[in-house]
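The values are calculated or read from the model by the stated rules, or taken from the named source; none is laboratory data. Remember, predicted model here, so these are calculated numbers, not experimental data. Cβ coordinates were reconstructed from backbone atoms using ideal geometry, including for glycine residues, and neighbour counts include every protein chain displayed. These accessible areas exclude ligands, DNA and RNA; they are computed on the full protein's heavy atoms, side chains included. Shrake-Rupley method; radii C 1.70, N 1.55, O 1.52, S 1.80 Å.
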Amino acid sequence: MIRLHSNALLSLFATGLALHGTCFAQGDYARFPLPAKPVNNSAPVFEPGSIPVVPTGELTDSGWALARLNDASDLAATSYVFPETATPVRLYLIDTAVSNPSSWFDANANLSIAELNTIRSAGDTPGSTYFEHGTKMLSIIAGPESGGALGTPIELINYDIYPPNLGGQTTTGRLAAAVNEAWVHHALNPGPPGVICIPAGSTTAGVDPILEAAILDAVDEGLTVIVSAGNSDDVAADYIPSAYGSNDGVICVGATDTSNDKLDVSNFGSAVDFYSPGENVRTMDFATPAPGNYDDSYGTSPATALATAAALANLSLNPDFTPAELETALTEGAFEGSEAIVQLPPSDSDGDGRHDLVESFFGSDPLDASDQPASPTVATSSTAASIDMNFTVDASRFNPADPYTLTDGTTWKVLSSSNLDSWGDATGTLSVGSTSGGKTNLTFTASASGTATFLRIEINEP
């Protein structure tokens, strides 16, 4: 499903209390173990522009895991075509601290490392000691040679919840504090749609109502929350935060192996929304980052990072998606094998930042970056009683006898809203104009109501 707004979104400023620096974490129920190493600052510096990324949006040697996102049915593929999207998105990565060793991430011009924050309880040792896990997860999401969302503009907000004094572990209280800080930050800094990534989980069963409340507050604020199913080969609903995958807008990710079967350590069950590759997933080489140097990661953490990459790319293409809608889009688009595996098929063949479905609907060539569709235009009547939205449609597939269904089965409709929050089918009339250059001109006339009327086009694949 693709949605196009006929006008710019209105940014609403929300007030609230921002949490910065040192935060006291409540509800410290479970500890999350994490093997991590101190950052290595002695690695050689490389020239960022030397990383061999094909400009058409393809990593010709991506490893099996990324290739499986394009087509999970092709077990032999090792190349990956990443979507090149246009709308910026925000990633809240709750993990260890993130570093940029040897300026590795500078090679991805789409990635902006905006904030690096620490979450600490009373008595915690200040500062950050652990960097490797979070940095590797970021490399799976947006790394120059291993990132699933390499073609998506991403603003990173990192929360380090692993204090030096816990020996590579953290608690659900610190996690809850980070989730709360993330959604407050999002409310105070409106703009890009966002996703929270939590590539960790408890190793003992239990519940934490404070953490659950924080996650649900984040979803209410419009943030999709993506959590790891956990590595206990057990029912995910018994662990946290994976148990909260049963809530709309919270995505719980399990891990699969190279045969598309459940990875031996991955948790499972009804709380898991879908799976993603988790066996020896390629990451940057943290110790010696350089083009062609790779490390790997195993378990539901890298699977969660890959799913986050897919979510960010989808959200960039559909920035008005609610968390529940993004979850539905990823779930319905998953490959159905022995396990449902998240998919991110190529969607921007010419690399111009426009979805192929959008370009073809408006009559542009999705293989020609110079042939971009014109945005719909809006005009009101002299009395402001009605509003006209003018746009084109592919003439070869447009059928005037059934105008809202193209001949290939693609359907579309116009939605309206008075507040950019609640949308419904627009009431109005469709007028068919002239055809030129393979494009038919259409005008949708809707009644203007209240103080504002917003229109958008929703396109659905057959």
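For this structure, a couple of remarks:
- Within the accessible area of the range 364-462, the carbon and sulfur atoms contribute 48%, probe 1.4 Å, all protein chains present.
- Three principal axis lengths of the range 227-369 [C-alpha, angstrom, descending]: 50, 40, 25
- With semi-axes defined as the square roots of five times the eigenvalues of the C-alpha gyration tensor, the equivalent ellipsoid of the range 317-408 measures 30, 19, 15 Å, largest first.
- Using heavy atoms of the protein chains and a probe of 1.4 Å, the accessible area assigned to residue 183 is about 60 Å².
- The alpha-carbon of residue 262 sits under 16 angstrom from the alpha-carbons of these aspartates and glutamates, leaving out residues fewer than 8 places away in its chain: 233, 234, 273, 279, 336, 339.
- Whole-Å distance, taken between Cα centres, linking the range 360-410 and the range 111-169: 43 Å
- For the range 205-250, accessible area per residue (1.4 Å probe, heavy atoms of protein chains only), Å²: 35 Å²
- Computed in the context of the full set of protein chains, the accessible area of the range 193-347 at 1.4 Å probe radius has 47% of its extent on carbon or sulfur.
- For residue 61 and residue 381, the difference between the fully extended length at 0.36 nm per residue and the C-alpha to C-alpha distance is 109.7 nm.
- Under the simplified labelling scheme, the residue 207-residue 248 pair shows an inter-label distance of 2.2 nm, with each label point 7 Å from Cα along Cα→Cβ.
- GluC sites (Glu not before Pro) restricted to DSSP loop in the range 202-310 with at most 14 other C-beta within 10 Å: none
- Under-5 Å amide H pairs with residue 194, H placed in peptide plane, nonlocal only: 90, 224
- Taking the range 314-410 and dividing mean pair separation by its residue count, relative contact order in percent (alpha carbons under 8 Å, at least six apart): 14 percent
- Entry note: the range 351-462 has Rg to Rh equal to 0.98, where both radii use alpha-carbon atoms and Rh is the Kirkwood radius.
- Between residue 322 and residue 76, the modelled label-to-label distance comes to 4.5 nm, taking each label 7 Å out from Cα in the direction of the beta carbon.
- Residue 103/residue 125 FRET efficiency (R0 30 Å; Cβ-Cβ; nearest 0.05): 0.60
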